[in-house]
Structure formats: C-alpha cells, structure tokens
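Here is the structure we will look at.
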Amino acid sequence: GRRQKKHELMVASVMALLGLQQYFLNYAELAESMVTKLGPNEHASRKSLESVAANMRHLSRLPPTNFHQGAQLVLSIYITLHLTGEVVSIGRI
C-alpha cells in the first residue's frame with residue numbers, strides 16, 4: 001500500500017542520486033583525460049578543465065561552496081534530465 005509506495009520512491013531516489021553522483025565523477029574523469037591531451041601552451045584550457053574536474057568531484061559528494069559550483073550543479077542536473085528524456089525548462093529547476 002502506501003508504505004510500499006514510499007519505500008519504492010525512496011529506493012528510486014537513492015538510485016537516481018547514485019547515478020547522478022557517478023555521472024559527475026565520469027565527467028571529472030573526462031575533463032582530466034582532456035587535460036592530458038592539451039599542448040604545452042594551452043594554459044587557459046588546462047586551467048578551465050582542471051577547474052571543471054575539481055568542481056565535479058566536489059559536487060559528487062558535497063554541496064556547492066561558490067557560485068561557479070552552484071551554476072555547474074544546476075546545469076549538470078539540467079543536462080541529465082535531458083539525457084533521460086525529461087525535457088524541462090531551466091527555469092523550472
């Protein structure tokens with residue numbers, strides 16, 4: 001009954017959060033792998049990718065601590081909603 005539905009919702013929520021956490025970690029790994037392919041003079045790209053990787057690792061386990069991380073979190077959740085087929089206006093997040 002009602003208790004079972006609450007339990008199913010909780011299990012589904014935990015699964016979604018674990019999936020989101022893994023997506024963030026995969027994104028961090030992608031950014032880190034991209035850094036290794038940069039040339040020696042691509043300092044701006046290196047700094048940007050290193051920042052993205054650090055922020056995604058942070059956000060995979062902790063709340064944002066600055067505006068940049070907050071924006072990265074909102075946009076990452078927005079993107080994952082689109083990946084799952086849930087097309088939502090960014091204003092509704």
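Here, each number is a calculation from the coordinates, and none is a lab measurement. From a predicted model like this one, the values you see are computed outputs, not experimental measurements. A quick note on method: Cβ atoms are made from the backbone with ideal geometry, for glycine too, and the neighbour counts reach across all protein chains shown.
Extension gain for residue 33-residue 5 works out to 5.9 nm (0.36 nm per residue, less the C-alpha to C-alpha distance). A straight Cα-to-Cα reach below 14 Å connects residue 47 with the aspartates and glutamates 32, residues fewer than 8 places away in its own chain not being considered. The modelled label-to-label distance between residue 50 and residue 17, using points 7 Å beyond Cα along the C-beta direction, is 3.2 nm.
Extension gain, residue 25-residue 78: 0.36 nm per intervening residue step, less the Cα-Cα distance, totals 17.4 nm. In the range 1-69, which trypsin sites (Lys or Arg not before Pro) fall in coil by DSSP and have 11 or fewer other Cβ atoms within 10 Å? Hits after loop and neighbour filter: 37, 61.
Hey, could you grab the Kirkwood Rh for the chain? Inverse mean 1/r over distinct alpha carbon pairs, Å, one decimal.
Evaluated over the chain, this radius sits at 15.0 Å.
When the GluC sites (Glu not before Pro) in the range 34-93 are filtered for DSSP coil states and for at most 11 other beta-carbon atoms within 10 Å of their beta-carbon, the remaining sites are 86.
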